[in-house]
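This report concerns only the one structure given below.
The values are calculated or read from the model by the stated rules, or taken from the named source; none is laboratory data. Values in this document were obtained by computation on a predicted structure and should not be read as measured data. Reconstructed Cβ throughout: ideal geometry from the backbone, glycine too, with neighbour counts over all protein chains shown. SASA here: full protein model, heavy atoms, side chains in, ligands and nucleic acids out. Shrake-Rupley method; radii C 1.70, N 1.55, O 1.52, S 1.80 Å.
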Amino acid sequence: GITTTQTITNTITLDLNSHTLSGTTATRLFYLNTADKYLTITDSRSGGKIVATATAATQSAIEIAKGNVILTGGTITLTSSAATAYGIKSAAGTQIAATAGTINVSATSNAYGIYAADKLSLAGVTINATTTSTTGAYAIYSTSTAANETITDVEDLPTLIYSGTYTA
């Protein structure tokens, strides 16, 4: 499995092809930090997964500092025995688009399926966030003020906190 952060600096497509990619992270499993680059995650045969286990608080399966992530298939799962875990976390100036697939995040508290600080487009995706406490299970958490939010069946952007499970 992956034991160090995989930093992505070019546009790539990761086809899970029904395989499981697993790893343990002390910070984040995948890190995109190059403007105008794309990480596309797909699964051409179904059943493909990215399974991350967090070893400390404030972890991400995928973190976007610059660039864009597109999810068109597969399952992303992050399990943390500590607080604050993110399936996909983005910064200002980035974009998350999901047209298929599943994101699952669990933590002791503050589990975020998607934490979006900028552009967010969802359709055909299921997001689950669970905690072992009574606080902080957010399927979608957006602090964006971007004008082009396109989330099906969910209102209240630019500030959105949608708890529990979300299915587009």
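Listed values for region 22-35 are Karplus-derived 3J(HN,Hα) couplings in whole Hz (6.51 cos²θ - 1.76 cosθ + 1.60, θ = phi - 60°), namely 10, x, 10, 10, 9, 9, 7, 7, 10, 9, 9, 9, 10, 4, and x replaces Gly and Pro.
Other residues lying with their Cβ under 15 Å from the Cβ of Lys49 contribute a combined charge of -1, Lys and Arg counting +1, Asp and Glu -1.
If both residues of a DSSP beta bridge must be in the chain, then about 10% of such bridges are antiparallel.
Summed over the residues of region 1-148 and divided among them, the accessible surface reaches 40 Å² per residue at a probe radius of 1.4 Å. Share of pairwise Cα-Cα distances greater than 12 Å in region 61-113 is 62 percent (whole percent). Scanning residues 5 or more positions from Leu16 or on other chains, those with amide H under 5 Å from its amide H are Thr42, Asp43, Ser44, with H placed 1.01 Å from N in the peptide plane. Give me the percent of accessible area attributable to carbon and sulfur for the chain, probe 1.4 angstrom. It is 47 percent, rounded to a whole number. Rounded, prolate or oblate for the chain? Axes are the square roots of the Cα gyration tensor eigenvalues, ordered a ≥ b ≥ c, and the cut-off for rounded is a/c under 1.5. Taking the square roots of the gyration eigenvalues as a ≥ b ≥ c, the chain is rounded.
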